[in-house]
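Inspection log for the structure reproduced underneath, given as structure tokens.
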Amino acid sequence: MTPSFAIAFVAGLLSFLSPCVLPLIPSYVGFLTGLAAEEIELRRGTAVLHALWFVAGFSLIFVALGAAASGLGVLLTQWQDAIGRIGGVLVILFGLYLLGVVRPSWLMRERKIQLVHKPLGYVGSALVGITFGAAWTPCIGPILGAILTLAAAQASIAHGAALLSAYALGLAVPFMFTAYALDRFLVWFQRFRPLMRWVEIVAGVLLILLGILLLTRSFTLLSSWLQGLTPEFLKSRL
């Protein structure tokens, strides 16, 4: 796994743990299945299938966004260095936002579609996932924006789409586990709740470091250095 994919996967995990996503996860599971918490424990297979369709829905949106961002970067290849530097500044600003240093009004406004009733069936769960993927919230927006900025700096559309696939996977894995073991998630969440502010702080620091790497054109040097540390027997299997 290259550094960019690892960063995207961790960004997905941090998005899942963000204060405006994590507390809503049980509600999402209940909304998707139409079951109470006690019923979900007895019908884990149904909950997992609904979660799988939900994950497929938001993954489709994220991958499409990644392909679009990297496609724009490919069209502007001659300005790749400028895109990297501007992107670095944006990512640093996203990091400062998560740290609470800056609070621009355009990031504070939520842009989302309210769903009162879920469409029936598994396809309905996919539609809810698409809605979730298209939503813009103050928590997930800066992290997603940073990964899209990184995708725009990639050399190919396929690489950008793969980058957002790694981000979607970071969101999907814990969500699937929650759908399967909601009772364990609720116990864990009560213990984790006091640490949620630290998720934003860690995410903010990581985004600032990523932004500095992009701004100074050091990200590719970091990737090359890390790949140089990879043993040859592993490279042959990648």
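Sorting V202, V21 on the 10 Å Cβ count, fewest up front, what's the list?
Fewest to most other Cβ atoms nearby, the residues stand as V202, V21.
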- V74-E38 FRET efficiency (beta carbon distance; Förster radius 41 Å; 0.05 resolution): 0.20
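Would you list S27, S15 from fewest to most Cβ contacts within 10 Å?
S27, S15
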- Task: Would you mind ranking F5, F62, F132 by Cβ crowding within 10 Å, fewest neighbours first?
- Result: F5, F132, F62
- Query: Relative to a virtual label point 7 Å from the Cα of R184 in the Cα→beta-carbon direction, which members of the range 152-176 show backbone nitrogen distances below 19 Å?
  - Reply: 170-176
- Item | Net lengthening on full extension, S218/I201 (0.36 nm per residue, minus Cα-Cα) | 3.8 nm
- Message: In whole Hz and in residue order, list the ³J(HN,Hα) couplings for the range 10-21 that follow from phi through the Karplus curve 6.51 cos²θ - 1.76 cosθ + 1.60, θ = phi - 60°; x for Gly and Pro.
- Response: 4, 4, x, 4, 5, 5, 4, 7, 5, x, 9, 10
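Every number here is computed from the coordinates shown, using simple stated rules; none is lab data. This is a predicted model, so every value here is computed, not measured. Positions of Cβ are generated from backbone atoms using ideal geometry, with glycine treated the same way; all protein chains shown enter the neighbour counts.
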